1. For the range 31-100, give the percent of accessible area contributed by carbon and sulfur heavy atoms, probe 1.4 Å, rounded to a whole number.
2. Taking the 0 to 90 degree range and rounding to the nearest ten, how far is the long axis of helix 66-76 tilted relative to the main principal axis of the chain, both from C-alpha atoms?
3. Tell me, what is the per residue accessible area of the chain in Å², probe radius 1.4 Å?
4. Multiply the residue gap between Ser32 and Thr6 by 0.36 nm, knock off their C-alpha separation, and tell me the result in nm, one decimal place.
5. Relative to the first principal axis of the alpha-carbon coordinates of the chain, what is the inclination of helix 121-135, with its axis defined by its Cα atoms, in degrees from 0 to 90 and to the nearest 10?
6. Note the full-extension length gain between Asn64 and Glu98 as 0.36 nm times their separation in residues minus their Cα-Cα distance, in nm to one decimal.
7. Taking H placed 1.01 Å from N in the peptide plane, check which residues at least 5 places from Val91 or on another chain put their amide H under 5 Å from its amide H.
8. For an R0 of 22 angstrom, estimate the FRET efficiency from the Cβ-Cβ distance between Lys134 and Glu19 and round to the nearest 0.05.
Amino acid sequence: MISIETIQIKPIHKYTNEEQKNLGEFGYVTDSKYRVSKTETKERTMIAIELIELESMIHKSYRNSEEDYERYSKIASTGYSLGAYIGRDLVGVVIAEEMQWNNTLLIWHFQVAEGWRRKSIGKQLMNELTCLAKANRIRAINLETQNTNANAISFYRKCGFEIEGVDLSYYTNNDVLDGEVAIFMKKKTG
């Protein structure tokens, strides 16, 4: 187990394709998901979110474009992005941007290298981001994930985030039917 003293969380001011390669594949594997359903009548609309076990594993991976890295690097330069380092090696990152219009931080990218997961690095990144938000009187931290990423939802809940919304057609017009729905989570900081 890595000691907390070995991990250094510090601001980053750029984020490149090379750094992403060093962190490894961006994605997740899960054996459960949150089923999202909508029931609508003339008087009421109800959206239910229920954790269910899957018959087969979901393996999801993402590939960022050069434009994504340019955007992340630009966002990192604004002062709310952090890297987790062991020695000189970047082993985790959170890219966050201040949304002045509603006094929040929006997490664009969060990742811990696969070999370093479940060693408190992600929690340390989130704790430091929360301290940074509080120090700058930012009222909340927002993020978006998928209902199929049950492990991430569980992790974010342990870090103090709550589910505050869903978008039933954020990715496509058939998100509920296709089984991948956007889940929006928020952590209030003050």
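1. Numbers: 2080 of 4720 Å².
Whole-percent figure for carbon plus sulfur exposure: 44.
2. 70
3. Using a 1.4 Å probe on heavy atoms only, each residue of the chain averages 59 Å².
4. Working: separation 26, 0.36 × 26 = 9.36 nm, distance 3.31 nm.
6.0 nm is the gain from fully extending Ser32 to Thr6.
5. 90
6. Numbers: separation 34, 0.36 × 34 = 12.24 nm, distance 2.14 nm.
Stretched fully, the Asn64-Glu98 segment lengthens by 10.1 nm.
7. Answer set, sorted by chain and number: Ala84, Tyr85, Ile86.
8. Values: r = 27 Å, r/R0 = 1.22.
Efficiency, rounded to the nearest 0.05: 0.25.
The values are calculated or read from the model by the stated rules, or taken from the named source; none is laboratory data. Bear in mind the structure is a predicted one, so any value in this text is a computation, not a measurement. Here Cβ is always computed from backbone atoms with ideal geometry, including for glycine, and neighbour counts include all displayed protein chains. SASA here: full protein model, heavy atoms, side chains in, ligands and nucleic acids out. Shrake-Rupley method; radii C 1.70, N 1.55, O 1.52, S 1.80 Å.
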